[in-house]
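The values are calculated or read from the model by the stated rules, or taken from the named source; none is laboratory data. Nothing here was measured: the structure is a model prediction, and the numbers come from that model. We place every Cβ from the backbone using ideal geometry, glycine too, and count neighbours over all the protein chains shown.
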Amino acid sequence: MYRQSLDLTALDEIRAMKDRINLSVAQDQRARRNVKLGYGGIREIEFLVQGVQLLHGGKNPWVREPNTLRALHRLAGQGVLADPDYEALVRAYTFLRRLEHRLQILHDRQTHTVPDDPHEIQSLGRRMGYHPPEHPVAGAALLADYERHTTAVRELYDSFLRTTRQEAEGAAEPPSDEIALFFASDLPVEQIRQRVAAVGFEDVERALRNLQLMREGQSLARYTPEVRRALGQLAAPLLAALIEAPDPDLALTTFERFIAGVAARTTFMRLLAETPGLIGLLVRLFGTSEFLSATLLRQPELLDAFLAPEPASRQGRERVAEDLRRAVEAAEPGSARLDALRRVKKAEELRIGLADILDRTDVTETQRSLTHLAEACLEVALGAAEQDLAGRFGRPDPPGFAIVGMGKLGGAELGYGSDLDLLFVYRDQGQTTGPERISHPEYFSKLADRVSKLLASITQEGAAYRVDARLRPGGQKGEVALSLQGFEGYLARQADLWERQAYIKARPVAGDPAVGAAFLALAQRFVYESPDPPDLAERILAMRHRIETERVGQGGKATHVKLGSGGILEIEFLAQYLQLARGRTQPALRTPGTLAALAALGEAGLLPATHATALAASYRFLRRVETRLRIVADLSVNTLPSAPAKLERLAKRMGYAPSPDASAQARFLADYATHTGGVHEIFERVFHAAGGRP
């Protein structure tokens, strides 16, 4: 390939190849919009790079790189390409490849032409990431960038063919290793056993079977030679990524399923080969979370989340609500709308989870993003529920309905697999406008029930959330929705101390802001202005011990992340006790979030600054452990696994790596014991000083 003596015929051949392509597309008026073969397109960049490699690859083996982006990087590093030319080509190639994949990957169609239809252009622009307010007209912004990049490429391409008159000496490409040969040829699986075993699979035989499936495809869908060659190129980075994965067995199994299920398989393999680091990101996801991986397997177009420089993990409640509303309104009435809501919810959850897995956000930002997502789903579900009831019952008169978040939702601390603890409140008595007129208690109970079913019903896409409304007055036997007056009467006459604790977390999350604000005012009066019993500390401590005895038991004290000794609950009970005891005179303490409460307690001098800081750090650590337990299957898991292999995988999901003198799980357990031991010590000090008996 790299000849010892290269005359200008090689450059002439490159020019001739491109000229033939130019001739074949010249008769097509849309040739200018052919991303691959057209003016300034992908092929011109590739021909340019290959020409420069032919000229310099003999004396400089470092530039013999088949991947175009890596080749550009190496050519620039060796001074063969000027920095401005390198930057222009990289930007253009990345843009054009991304545009090509957007055109192809959804439908497995070998199309390379930007459409003419204005609506299709607008849709393509949005898929490329052009959104208001930065880009008011997505299609126009896309075409402007397309023109700029292709013009720059054509100028550099023509300049290269005009001015280059250099010679090069050649050499051969380096041979492939056994993993690459396994995919590219029929190398027996036994010849890669040792290499595969070194990855650290728990089940090596299953790993080998997965690799064979990846090479050969399913019985009715054999892979093309092109796919197998691409797998050969990806084999080494795939194994390297699997070594770093928290669960390499799960990662490889899921990766094989993804390849088998993706429609545009050839395009996808090119995308993997041409996007540095993408295979590592996929393996990290596949080896960390089954439920997030399942979302990507069902919606492979969400691969876009991996291609952005920073995944869109925190779009904000308004943007997510807009996406949800648009999807629901575009779907047919009935179950299709429920499925549409769930698909958008899962897509956003994937973006949030990806940022979390890649450590681009901390645990509090992840919880805030998941909370915003839940709030947006509630907002859209409420609108849909009102529309569903309007045809039969009309609208309430007077209007006014709010949804109040409790627990983790109220504290903006929602995690994976969390239930939505909700209260439903309406303004006043009245009746609906018809055709069938019913009283407000009946209407708003139907509305609350409809909202819950829209989110909790199991459809083809599963459930969006589990909804729990048992914190309402009367629990399961009480009315689902209650008026402001009804809440006020109950809280004044019948509520218990545990409800004062629970209502610390109350926060309006959807519906009428005025009704939500009125409810919050009466809830805070109940929480912070009710008389404190003289044995407040002792009663809260007794409640904590009862929970530990009934729900954890002696054996789980050291392993239950939430309810065990020094766990999340002790931090929350400590903060809530001080909020109840001092919130009457310290308005800054009236916050539903645990971290905000700890900070306010430290600033007010009600906790030593060192204790407030230590508790906040331990709370973040323990909530991160909780997210890493739940991110696997989106289940409410709160206990450390007892099996060493599972505990090792948890430690790796937490970011721990083995050291020469300790395993990952040993290092994790040491930190876990330090945090829980420190929390329990501070918990005992606070309640001992308050007169309780820890």
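State whether the residues of the range 610-622 include one that is surrounded by fewer than 14 Cβ atoms within 10 Å (Cβ to Cβ), without any contact (Cβ under 8 Å) to a residue 40 or more places away in the chain, outside the structural domain of Ala521 (by TED's automatic domain parsing) and farther than 20 Å from Gly417 by Cα. For the range 610-622, residues surrounded by fewer than 14 Cβ atoms within 10 Å (Cβ to Cβ), without any contact (Cβ under 8 Å) to a residue 40 or more places away in the chain, outside the structural domain of Ala521 (by TED's automatic domain parsing) and farther than 20 Å from Gly417 by Cα: present.
Annotation: of all residues in the range 334-358 being free of Cβ contacts under 8 Å to residues at least 60 places away in the same chain and of a type in the set (A, V, I, L, M, F, W, C), the one that is surrounded by the most Cβ atoms within 10 Å (Cβ to Cβ) is Ile352.
Checking Tyr39, Tyr93 one by one, the residue that is part of a loop (DSSP other than H, G, I, E, B), under 29 Å from Leu142 (Cβ atoms), assigned by TED's automatic domain parsing to the domain that holds Arg154 and of a type in the set (Ser, Thr, Tyr) is Tyr39 and no other.
Among residues of the range 488-497 being of a type outside the set (Phe, Trp, Tyr) and in a helix (DSSP H, G or I), the one that is surrounded by the fewest Cβ atoms within 10 Å (Cβ to Cβ) is Arg493.
Taking residues in the range 210-231 that are more than 10 Å from Thr266 (Cα to Cα), and partners anywhere that are outside any helix (DSSP H, G or I) and modelled with pLDDT of 80 or more, not one pair has Cβ atoms closer than 9 Å while being at least 6 places apart or on different chains.
To keep it simple, each residue is scored yes or no on (1) aliphatic (A, V, I, L, M); (2) surrounded by fewer than 20 Cβ atoms within 10 Å (Cβ to Cβ).
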| residue | (1), (2) |
| --- | --- |
| Lys446 | no, yes |
| Lys453 | no, yes |
| Glu461 | no, yes |
| Ala464 | yes, no |
| Val467 | yes, no |
| Gly478 | no, yes |
| Arg500 | no, no |
| Lys505 | no, no |
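Only one entry of Pro136, Pro84, Pro118, Pro132 meets the criterion of being without any contact (Cβ under 8 Å) to a residue 24 or more places away in the chain, in the same structural domain as Tyr39 (by TED's automatic domain parsing) and within 27 Å of Ala264 (Cβ to Cβ), and that entry is Pro118. Gly605 falls short on exactly one of the conditions (1) in a helix (DSSP H, G or I); (2) under 17 Å from Ala690 (Cα atoms); (3) not hydrophobic (A, V, I, L, M, F, W, C), and that condition is (1).
Inclusion of Val451 among residues that are among the β-branched types (Val, Ile, Thr) and in the same structural domain as Gly475 (by TED's automatic domain parsing) is warranted. Residues of the range 165-199 that are modelled with pLDDT of 85 or more, surrounded by 14 or more Cβ atoms within 10 Å (Cβ to Cβ) and not in a helix (DSSP H, G or I): Val199 alone. Which ones in the range 305-326 are of a type in the set (A, V, I, L, M, F, W, C), within 13 Å of Leu350 (Cβ to Cβ) and at pLDDT 60 or above? The answer is Ala305, Phe306, Ala308, Val320.
When we screen Thr371, Thr361 for residues that are assigned to a helix (DSSP H, G or I), in contact (Cβ under 8 Å) with a residue 12 or more places away in the chain and either among the hydroxyl-bearing types (Ser, Thr, Tyr) or in contact with a Lys or Arg (Cβ under 7 Å, 6 or more places away or on another chain) (or both), the only hit is Thr371. Does any residue of the range 412-432 turn out to be under 27 Å from Gly486 (Cβ atoms), assigned by TED's automatic domain parsing to the domain that holds Tyr503 and part of a helix (DSSP H, G or I)? No, the conditions are met nowhere in the range 412-432. When the range 524-552 is filtered for residues that are closer than 23 Å to Ala690 by Cα, part of a loop (DSSP other than H, G, I, E, B) and not small (Gly, Ala, Ser), the ones remaining, listed by number, are Pro531, Asp532, Pro533, Pro534, Asp535. Within the range 327-365, being modelled with pLDDT under 90 and acidic (Asp, Glu) holds for one residue alone: Asp359. Return yes or no: is Gly555 among the small types (Gly, Ala, Ser), assigned by TED's automatic domain parsing to the domain that holds Val679, surrounded by fewer than 21 Cβ atoms within 10 Å (Cβ to Cβ) and not in a helix (DSSP H, G or I)? No. Here the condition is being surrounded by 21 or more Cβ atoms within 10 Å (Cβ to Cβ) and in contact (Cβ under 8 Å) with a residue 12 or more places away in the chain; of Phe258, Phe286, it holds for Phe286 alone.
When each of Gln476, Gln485, Gln501 is tested for being in a helix (DSSP H, G or I) and within 17 Å of Pro399 (Cα to Cα), the lone residue that passes is Gln485.
Could you tell me which of the residues Ala521, Ala464, Ala510 is in a helix (DSSP H, G or I) and either in contact (Cβ under 8 Å) with a residue 60 or more places away in the chain or not hydroxyl-bearing (Ser, Thr, Tyr) (or both)? Among Ala521, Ala464, Ala510, only Ala521 is in a helix (DSSP H, G or I) and either in contact (Cβ under 8 Å) with a residue 60 or more places away in the chain or not hydroxyl-bearing (Ser, Thr, Tyr) (or both). Within the range 375-395, can one find any residue that is touching a helix residue (DSSP H, G or I) at 6+ places or on another chain (Cβ under 8 Å), closer than 28 Å to Glu290 by Cα, touching a residue at least 60 places away in the same chain (Cβ under 8 Å) and small (Gly, Ala, Ser)? So far as the range 375-395 goes, yes, one or more of its residues are touching a helix residue (DSSP H, G or I) at 6+ places or on another chain (Cβ under 8 Å), closer than 28 Å to Glu290 by Cα, touching a residue at least 60 places away in the same chain (Cβ under 8 Å) and small (Gly, Ala, Ser).
Give the residues of the range 51-81 that are under 19 Å from Pro276 (Cβ atoms), more than 38 Å from the chain's Cα centre (by Cα) and outside any loop (DSSP other than H, G, I, E, B), sorted by residue number. The one that is under 19 Å from Pro276 (Cβ atoms), more than 38 Å from the chain's Cα centre (by Cα) and outside any loop (DSSP other than H, G, I, E, B): Gln53. Yes or no: Thr639 surrounded by fewer than 21 Cβ atoms within 10 Å (Cβ to Cβ) and under 30 Å from Leu285 (Cβ atoms)? Yes, satisfied. Condition (residue is modelled with pLDDT under 90 and closer than 30 Å to Arg91 by Cα) applied to the range 243-262: is it met by at least one residue? Yes; the residues of the range 243-262 include at least one that is modelled with pLDDT under 90 and closer than 30 Å to Arg91 by Cα.
Which members of the range 123-149 meet the condition of being part of a loop (DSSP other than H, G, I, E, B) and either at pLDDT 90 or above or surrounded by fewer than 18 Cβ atoms within 10 Å (Cβ to Cβ) (or both)? Gly129, His131, Pro132, Pro133, Glu134, Pro136, Val137, listed by residue number. Taking the conditions (1) surrounded by fewer than 20 Cβ atoms within 10 Å (Cβ to Cβ); (2) under 37 Å from the mean Cα position of the chain (by Cα); (3) in contact (Cβ under 8 Å) with a residue 12 or more places away in the chain; (4) closer than 18 Å to Ala152 by Cβ in turn, Ile42 satisfies each one other than (1). Quick one: how many residues across the range 96-115 are charged (D, E, K, R) and either modelled with pLDDT under 80 or in the same structural domain as Pro276 (by TED's automatic domain parsing) (or both)? So the answer is 2.
Taking the criterion of being within 22 Å of Val90 (Cβ to Cβ) and either in a helix (DSSP H, G or I) or at pLDDT 90 or above (or both), the residues of the range 269-299 that qualify are Met269, Arg270, Leu271, Leu272, Ala273, Glu274, Leu278, Ile279, Gly280, Leu281. The combined condition, being assigned by TED's automatic domain parsing to the domain that holds Pro398, within 30 Å of Asp671 (Cβ to Cβ) and of a type in the set (A, V, I, L, M, F, W, C), is fulfilled by Ile504.
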